[in-house]
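Scroll down for the structure; my scribbles are underneath it.
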Amino acid sequence: MRSWFRPAPGSLWSRFRGQPRLRIASMFHLVWTVYVFGDLVFRNDIGPYWILATALSFPMFLFLYAQAYLRPVAMAPWLALLVALLGYATMGFNASGGGCYVIYACAMLGFDGAPRRCLASMAAVLAGFVAIAWFVVHWPYAAIATVSFIAFGVGTINVVYRYNAERDVELKLSHDEIRRLAATAERERIGRDLHDLLGHTLSLITLKLELSRRLADRDPVAAKREVEEAEQVARHALAEVRSAVTGIRASGLVAELAAARLLLISSQIEFVYANDLPEVPARIDNQLALVLREAVTNIHRHARATYAEVSLVVDARTCILTVRDDGRGVSGDEGNGICGMRERVRSLGGTLAFESGQGKGTSLRIEVPLRPEDRALPPQPAVLPGTHDRLAS
């Protein structure tokens, strides 16, 4: 018997592991079973079999409801069917209890399956309920319509909630895939750049050192000259490597903007940003990407916006990132998200201006000053004197 109350793999209870809010909600929903005993309030005569029907049906319902959360979720429709049959059987003895069971059955039908199949199953359950209520137990039309409306509404809400939750999971996977592809593309670019940067240079150094070794005995002066030129090439290569490493961008803002567009458009929020981003120093790029991620997450979760815009301006002295939306805005103290963004911007030596009002949208302006090394152009490849001539010869 203990195994019946142990969550099975793939059950809703197992999926709710680490989400106590959802587990509490699943138990809180049982508060509506108070209507199983509604005949005691709404009817003057509860009939001779009311107590027996309720005493037998209510424990069976609680068991089936628990199994809907503890068994694999694929079993939920079959358990919902059993609850519906329990409601049909109870309607003639406990009217409010039978209607309550039918409502729970429709709610449980939303636990698994394609939306159309769930809605069709609810319609079938309610068709059976209407037939029994009208032709067998002769319920009034208003009571049948009320129970049917509540049952279908509750079941539809569960379907929509589950569908949105699945879309959120798919969206998160899409975001992770975008970031993975961006990182892969960046690694490939770095590999190509290093190959192009060092391949020719190292070959040239090897050639000069071999030549100096051959000339060491016959022409020491020429050998020394070749060694000195090899040293110059090596120093130049070192400078180029340092410049390349400094200029390697993590594509943080690029990847975050792509992920932000996917997230906001899926939330029916129009998102506008420039496709051609200006060059951002590497030390700023990653931090601004994290700030942008937090800002876009806030828009998605809290703003209730229909439009959002991101702009990036880089001039000789500053880098300015602006994020705007037309949402409901916020009032009161700043939350942890804004405080975290301020700390990141402060670590760059910049400032964050936050403007928001109730119903007036929100605007974030991040301004980061550029250092002299940020504004310096990477050194251009230099051609050593006589290099091409000697290689050609």
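The values are calculated or read from the model by the stated rules, or taken from the named source; none is laboratory data. These numbers come from a predicted model, not from an experiment. Please note: Cβ atoms are built from the backbone with ideal geometry, for glycine as well, and neighbour counts cover all protein chains shown. Just so you know, the surface numbers come from the protein's heavy atoms only, side chains and all, with ligands and any DNA or RNA stripped out. Shrake-Rupley method; radii C 1.70, N 1.55, O 1.52, S 1.80 Å.
Inspect all residues belonging to segment 116-131 and state whether any of them is charged (D, E, K, R) and not in a helix (DSSP H, G or I). The answer is no, given that none of the residues of segment 116-131 is charged (D, E, K, R) and not in a helix (DSSP H, G or I).
Would a scan of segment 63-85 turn up a residue that is without any contact (Cβ under 8 Å) to a residue 40 or more places away in the chain, closer than 21 Å to Ala143 by Cα and assigned to a helix (DSSP H, G or I)? Yes: segment 63-85 contains one or more residues that are without any contact (Cβ under 8 Å) to a residue 40 or more places away in the chain, closer than 21 Å to Ala143 by Cα and assigned to a helix (DSSP H, G or I).
Within segment 28-54, the residues that satisfy the criterion of being among the aliphatic types (A, V, I, L, M) and surrounded by fewer than 11 Cβ atoms within 10 Å (Cβ to Cβ) are Val31, Val41. Number of residues in segment 339-376 that are under 14 Å from Val280 (Cβ atoms), assigned to a strand (DSSP E or B) and among the small types (Gly, Ala, Ser) equals 0. Among the residues of segment 136-178, just one is among the basic types (Lys, Arg) and in contact (Cβ under 8 Å) with a residue 60 or more places away in the chain, namely Arg167.
Close contacts from segment 39-61, counting a first residue that is over 25 Å from Leu81 (Cβ atoms) and a second that is open to solvent by less than 70 Å² (accessible area, probe 1.4 Å), with Cβ to Cβ under 7 Å and a gap of 6+ residues or different chains, come to Leu40/Ile46; Phe42/Ser96; Ile46/Asp39.
Per the listing Val345, Val291, Val368, Val323, the residue uniquely in contact (Cβ under 8 Å) with a residue 40 or more places away in the chain and closer than 16 Å to Ile269 by Cα is Val323.
Okay, residues lined up against (1) surrounded by 17 or more Cβ atoms within 10 Å (Cβ to Cβ); (2) more than 52 Å from the chain's Cα centre (by Cα); (3) modelled with pLDDT of 80 or more; (4) not small (Gly, Ala, Ser):
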| residue | (1), (2), (3), (4) |
| --- | --- |
| His175 | yes, no, no, yes |
| Ala185 | no, no, no, no |
| Leu207 | no, yes, yes, yes |
| Arg213 | no, yes, yes, yes |
| Glu226 | yes, yes, yes, yes |
| Glu231 | no, no, yes, yes |
| Arg235 | no, no, yes, yes |
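Screening Val310 on (1) farther than 20 Å from Asp168 by Cα; (2) surrounded by 20 or more Cβ atoms within 10 Å (Cβ to Cβ); (3) without any contact (Cβ under 8 Å) to a residue 40 or more places away in the chain shows it passes everything except condition (3).
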